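The values are calculated or read from the model by the stated rules, or taken from the named source; none is laboratory data. Only a predicted model underlies this, so the values are computations on that prediction, with no experimental measurement involved. SASA here: full protein model, heavy atoms, side chains in, ligands and nucleic acids out. Shrake-Rupley method; radii C 1.70, N 1.55, O 1.52, S 1.80 Å.
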Amino acid sequence: MPKTKPKPFSKNFKDITGLKFGRLTVRELSHFTKWGNACWACKCSCGNTKSVQAGNLRSGHTLSCGCLQ
C-alpha cells in the first residue's frame, strides 16, 4: 500500500520543504497534530532526523535535533 501525503487542514498552509532553520533542513511533511498543526520531518547537520512542528521552526524555538544544548 503506497504511503500518501497528509493533506493540509488550512488554506494558510505553507510548504517549507527544503528550507533550513538553524541546523535543521526540512525534508518532507510528516503529519498533522490533532489541532491541525503541520509537523515536518527534518534532518539535522549532525545526521539525526526529527519531526518538528512548523511553528517551532519559524519562531526559532527548535534549531537542532537536541545536539545543541
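Roll a 1.4 Å probe over the protein chains and send me the accessible area per residue for region 28-69 in Å².
On the way: 2530 Å² over 42 residues.
On a per-residue basis, region 28-69 sits at 60 Å².
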Tell me which residues come under 5 Å, amide H to amide H, from Ser30 once H is placed; ignore anything under 5 positions away on its chain. Cys39, Trp40, Ala41
